[in-house]
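Take a look at the structure set out below.
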Amino acid sequence: MSGSRSNPPRWPERMLSWFCAEEHQDILLGDLEELYEYRSSKMSRSKANLFYIKDAFDMLRPFALKKRRTQVKNNHIAMYKNYFKISFRNMLRHKAYAGINIAGLSVGMGCFMLIFLYVQDELSYDRHHEHADDVYRVVVNDYNGNGEVSRVFTYASPMHGSTLRSDYPQVITSVRFNPWYFPIIKYADKQFEESYFNYVEPTIFDVFSFEFVEGNTDALNEPNALMITESTAKKYFGDESAFGKTLEVVNRGESKDFKITAVVKDFPEQSHMSYDFMASWITYEIDADPRGINDYYGNYNYPTYVRMAPGADIAQLKAQMPAMLDKNIPDIQGAKASTRIGLDFQKLTQIHLNASAGSGGTSNAYYVYLFGAIGVLVLVIACINYMNLSTAKYAMRLKEVGVRKVLGARKGNISRQFLVESMSYALIALLLGYGLSALALGWVNRFAEKSLSLNPTDNPMLLLFVTLVALVVGVLAGSYPATFMARFQTVAALKGGRTKVKGRAGFRTGLVVFQFAITMALIIGVTVVDRQIHFIRTQDPGFDRELVVNFWASPSINNSLEVFKSELRTNPNIVQASASSRIPTGRLGDALDATLFNEGSKEVIDFRFPFLVIDNNYLEVYDIAVVAGEAIDQSAPSDSTQSFLINETAAKLLGWASPEEAIGQKMDYGWYSGFITGVVGDFNFESLHSAIQPMILINGQQNKRSMSVKIAGEDIPGTLKFLEARFKAYNPDRTFNPSFVDDLFNAQYEGEQRLSEISKTFSIIAILIACLGLLGLVGFSMEQRSKEISVRKVLGATLASILLMVNRSYALIILGAFVIAVPVAYYFLSDWLTTFEYHISIGVGLILFSGLTASLIAFVTICSQAIKVATANPVKFLRNE
Amino acid sequence: MKGTYLGEFEEIVLLTIGVLQKEAYGVAIKLEIENRTQRKPSIGALHSALSRLEDKGFIESHEGGATQSRGGRRKRFYNITAEGKRTLIKANQLRNELFDLIPNLSFKAV
């Protein structure tokens with residue numbers, strides 16, 4: 001071709017060759033070229049170019065795409081058969097190598113399946129209700145002086161629900177519950193202490209969905225009507241029909257009969273609420289104190305749910321709430337009500353995942369996503385393993401690829417073969433992974449307190465998803481080996497196993513670095529989570545939680561509290577007893593409006609701090625320090641000359657430089673009025689997630705529902721038996737449910753504990769898989785370098801120097817991984833740590849420790865392989881040259 | 001197999017292949033049609049027709065060797081199959097028969 005010849009633009013040709021079936025390409029492009037030559041002799045070059053482009057586009061017709069029918073079809077099936085056959089033969093021939101691959105993939109898939117089940121379960125809460133997407137729970141926010149939310153109540157005042165329903169057109173309806181706790185319920189000779197009994201409005205059927213076993217949605221219209229769940233019906237009536245039977249319900253000494261008008265299926269396990277007794281609201285309204293039921297403010301005892309019109313804007317409704325509150329609540333201490341409280345709406349489907357202050361959820365979206373991420377990471381590590389191992393062993397398959405190419409295989413065929421191979425691995429791993437996860441399922445269920453099932457008929461999504469995952473894993477893991485193997489030149493492939501693959505090691509090294517980075521990040525994560533949990537558990541909370549037994553102080557105990565306490569103290573193993581409204585490790589729920597009459601400056605301060613009702617032995621039982629003033633007034637308190645104790649934080653917030661200044665100040669607190677007589681040292685009443693709150697301790701009469709008993713360390717079972725006997729003496733119908741305060745203390749961190757256990761387990765698995773990969777990789781590289789190492793040995797290299805040499809080449813990989821892992825892990829972990837008010841800091845030592853641990857694991861893995869070659873007799877490898 | 005109906009353009013292509021004998025490949029057929037019929041079929045349309053004819057079994061093809069003139073690319077040569085030949089003859093006969101049936105008078109009227 002002469003240089004003077006004009007050339008058409010190149011891109012139409014590229015476009016055509018991309019579009020056309022291979023067998024058409026030459027013919028069509030040839031015609032194009034010939035026409036162009038013909039035209040350029042007759043017309044201007046630019047015109048010929050235009051024609052050329054037009055013709056190229058003109059050729060984009062269906063016929064050009066079409067494959068020739070004649071040979072292809074049967075051949076493909078035969079070839080795929082062959083690909084499978086060769087895959088399995090290769091597995092059998094290289095059992096160790098195939099074993100490592102399959103082990104990695106199947107463990108990865110097993111973990112992934114379990115985590116998928118867990119996450120799926122967590123995300124499915126409360127979705128079974130027909131209108132789930134339109135239902136919201138009403139929550140009440142308390143605001144502090146700066147307008148920030150200081151407290152969240154998931155129960156609303158009684159009038160909130162009814163006003164929302166009547167005054168706002170976008171609210172279709174609302175339902176209010178009124179639960180009371182620990183009723184005794186009787187039928188014939190059967191009697192149980194239940195945890196809840198609920199009054200509920202009949203609109204419940206418009207908000208939530210129920211499946212009726214007996215009865216219908218008219219069930220809650222009459223007074224004294226009761227709807228129960230199926231399992232409850234079985235518990236009281238056995239196999240008899242419950243419909244129309246009567247249950248006697250005893251609460252606080254009053255007894256009432258309810259007729260059963262409906263039996264519904266139990267709430268599914270994936271519900272944030274689970275009520276077994278739902279009685280008609282009208283029963284409650286008839287008896288209720290009219291003052292209590294007309295509240296817009298306080299009296300937060302009514303779980304309330306609204307169902308919005310489809311598509312209604314919940315933010316708009318929320319924006320209307322301050323006006324509603326201001327209209328119905330008189331100004332609080334001179335300020336508008338909406339500056340003190342606000343109403344918010346929490347989407348039903350998000351209640352379970354967003355366990356925030358005081359809400360019913362036990363789980364947390366954060367952890368669910370974290371587990372999801374770990375599941376994906378484990379799977380990715382397994383895939384990388386496969387890619388690494390199969391490309392590292394490329395030499396083994398090179399001749400085969402060469403021969404296939406000579407016999408007419410194209411790039412596509414070779415790629416397909418290796419994809420089929422990775423698919424076979426993935427499918428085998430899928431079956432094994434399924435088996436593994438079935439074995440581990442019992443453990444996971446016990447641990448997560450769930451009843452997850454691997455049964456595909458229960459969970460068709462699982463089957464679908466898992467198959468999809470296997471296919472994705474097959475393609476993902478196979479993609480690199482497939483393109484890698486297909487790229488070899490036929491001749492180079494046939495020439496022999498020593499082909500130098502320049503530049504291709506780069507990608508593989510990248511993969512190993514990535515894999516190790518994940519491993520290291522996981523090690524850092526596990527260490528940090530572990531340390532933080534250790535830190536929390538050993539942190540001094542400011543009170544003594546050892547050997548304190550807590551149980552319910554029933555009204556009958558409260559009625560003769562001092563007598564009960566002195567009875568307890570007759571037992572030498574009981575040190576002290578105290579009744580209070582709440583105990584440490586719980587939450588600070590109640591707060592009243594307070595006014596401080598600052599005598600010196602004649603200044604009046606309004607504030608609102610949570611309070612605690614205690615008796616005069618409380619500080620002793622919990623060993624809480626008094627920093628100023630007196631512990632507590634021993635004389636019987638009266639409402640007008642109350643003595644208040646405050647904590648240090650409260651003293652600071654109220655503006656006193658030292659706790660001593662607070663002593664003797666006059667204060668009104670709710671209906672109490674009196675003087676501050678003492679300041680106690682700060683202690684972590686709530687968990688270490690939140691900062692210490694200002695609080696007020698009142699030696700009062702009401703609401704002392706909790707009994708705390710400090711016992712001696714000897715004969716604990718005997719002491720508990722004694723306590724039970726005394727409890728039963730006052731409450732013959734009740735069960736005695738003692739708990740140890742240090743157990744309650746630890747239970748506060750149950751979520752974190754679980755996170756730690758799960759992340760530890762899966763991280764160890766991830767690390768093991770990564771080690772398997774490294775093992776395979778090093779083993780292969782040793783095989784290739786066996787001659788080099790043997791020569792070195794012959795020339796006098798020592799074992800140590802050989803190990804050093806081998807490890808040196810991996811040192812950079814580990815360093816690279818370290819550099820990537822540290823910032824990533826640091827970022828996520830600092831984020832997690834901020835969920836604690838009190839937390840450790842991630843120090844250099846901690847990071848170095850994790851890095852060293854990972855390096856040590858790598859070092860041991862590498863040496864285990866290298867030693868085999870380095871200690872072998874050099875003759876073994878040098879003989880056959 | 002699709003219907004063995006022979007379209008008008010397909011018939012011209014088929015005839016041209018017959019005319020060109022052993023030299024019937026894409027560009028040659030296109031130029032021959034341009035010369036004889038004054039119509040300018042696009043190269044895409046032509047290949048599309050060739051592919052249809054081949055599907056119907058009227059022509060068969062083989063690839064020639066590489067040539068200098070077209071960037072070293074191969075040509076695909078076409079020739080008429082027995083089936084193609086039969087169809088052509090049949091079409092021709094039908095046309096002639098119909099033609100003969102036209103009375104002379106009506107020609108005058110045209």
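Computed from the coordinates by the stated procedures, all read-outs in this text should not be read as laboratory data. Owing to the predicted nature of the structure, the values given are computational and were not obtained by experimental measurement. In this analysis, Cβ positions are derived from the backbone assuming ideal geometry, glycine residues included, and neighbour counts consider all displayed protein chains.
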Zone of A:ASN221's modelled label, taken as backbone nitrogen in the stretch A:254-280 under 16 Å from a point 7 Å along Cα→Cβ: A:261-262, A:280
Mind listing the phi-derived Karplus ³J(HN,Hα) values for the stretch A:41-57, rounded to whole Hz, using 6.51, -1.76 and 1.60 with θ = phi - 60°, and x for any glycine or proline? 7, 10, 9, 5, 5, 5, 5, 4, 4, 4, 4, 4, 5, 4, 4, 4, 5
Inter-chain Cβ neighbour average for residues B:37-44, partner chain, 10 Å: 4
Report the Rg/Rh value for chain B, based on alpha-carbon coordinates and the Kirkwood definition of Rh. 1.07
Please pull out the direction-averaged projected area of the stretch A:704-776, using the convex hull of its alpha-carbon atoms, in nm² to one decimal place. 8.5
Can you grab the distance from the C-alpha centre of the stretch A:369-440 to the C-alpha centre of the stretch A:186-213, Å, no decimals? 55
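Assuming 0.36 nm per residue, please report the length gained on full extension of the stretch A:VAL406 to A:VAL563 beyond their Cα-Cα distance.
Net length gain for the segment: 46.5 nm.
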Kirkwood-Stokes translational diffusion coefficient of the stretch A:15-125, alpha-carbon pairs, 20 °C, 1.002 mPa s, µm²/s: 108
When the Karplus curve 6.51 cos²θ - 1.76 cosθ + 1.60 is applied with θ = phi - 60°, which whole-Hz ³J(HN,Hα) does each residue of the stretch A:845-854 get, with x for Gly and Pro? x, 5, 5, 4, 4, 5, x, 5, 4, 4
Protection-proxy order for peptides A:189-196, A:556-563, A:416-423, A:120-127, each taking the mean of Cβ atoms within 10 Å per residue, highest first: A:416-423, A:120-127, A:556-563, A:189-196
Calculated on alpha-carbon atoms, Rg and Dmax of the stretch A:109-155 in Å: 17.7, 52
Positive end of the dipole of the stretch A:676-808, charges at C-beta (+1 Lys, Arg; -1 Asp, Glu), about the Cα centre: which of A:ALA800, A:ILE716, A:VAL679 has its Cα farthest in that direction? A:ALA800
Normalised alpha carbon radius of gyration of the stretch B:14-79 [divisor 2.2 N^0.38 Å]: 1.08
Work out Dmax and Rg for the stretch A:230-383 from the C-alpha atoms and quote the Rg first, both in angstrom. 22.0, 67
Chain lengthening between A:ILE332 and A:LEU653 when straightened (0.36 nm per residue, less Cα-Cα): 113.5 nm
Just counting partner chain Cβ atoms within 10 Å, what average do the residues of peptide B:63-73 show around their Cβ? 5
How big is the gap, in Å, between the Cα center of the stretch B:33-86 and the Cα center of the stretch A:290-336? 83
In debye, nearest 20: dipole of chain A around its Cα centre with unit charges on the Cβ of K, R (+) and D, E (-)? 8420
For the stretch A:17-66, what is the convex hull volume of its Cα atoms per residue in Å³? 60
Alpha carbon Rg of the protein assembly as shown, scaled by the compact-globule rule 2.2 N^0.38 Å: 1.39
When only C-alpha pairs under 8 Å and at least 6 residues apart count, what is the relative contact order of chain A, in percent? 13
Which Cα, out of A:ILE789, A:THR519, A:TYR366, lies furthest along the positive dipole direction of chain A (beta carbon charges, K/R +1, D/E -1)? A:ILE789
So what does log10 I(q)/I(0) come out to for the stretch A:183-256 at q = 0.24 Å⁻¹, using the Debye formula with one equal point on every Cα and no solvent? -1.34
Square roots of five times the Cα gyration tensor eigenvalues for the stretch A:312-455, Å: 60, 21, 12
Stretched out fully, how many nm does the piece from A:ARG89 to A:GLN120 gain, at 0.36 nm a residue minus the Cα gap? 7.3 nm
From the helices alone, meaning DSSP H stretches of at least four residues, give me the mean residue ellipticity at 222 nm for the protein assembly as shown, per-run term -39500 (n - 2.57), in deg cm²/dmol to the nearest 500. -17000 deg cm²/dmol
As an exercise, use a Förster radius of 41 Å and the Cβ-Cβ distance of A:SER809 and A:LEU464 to find the FRET efficiency, rounded to the nearest 0.05. 0.40
Among A:SER255, A:SER708, what is the fewest-to-most ranking by other Cβ atoms within 10 Å? A:SER255, A:SER708
Which of B:ALA28, B:SER69, B:THR16 sits closest to the plus end of the dipole of the stretch B:1-87, meaning its Cα is farthest towards the positive end, when Lys and Arg get +1 and Asp and Glu get -1 on the C-beta? B:SER69
Over 10 Å intervals from 0, what percent of Cα-Cα pairs in the stretch A:759-881 sits in each interval? 11, 34, 26, 16, 9, 3, 1
Given labels modelled 7 Å from the Cα in the Cβ direction, how far is it in nm from A:GLU788 to B:ILE102? 8.8
Based on the Kirkwood radius over alpha-carbon pairs, what value in µm²/s does the Stokes-Einstein equation return for the translational diffusion coefficient of the stretch A:161-314 at 10 °C and 1.306 mPa s? 97
Longest DSSP-loop-exposure-free segment, trypsin sites (Lys or Arg not before Pro), chain B, at most 12 other Cβ within 10 Å: B:40-110
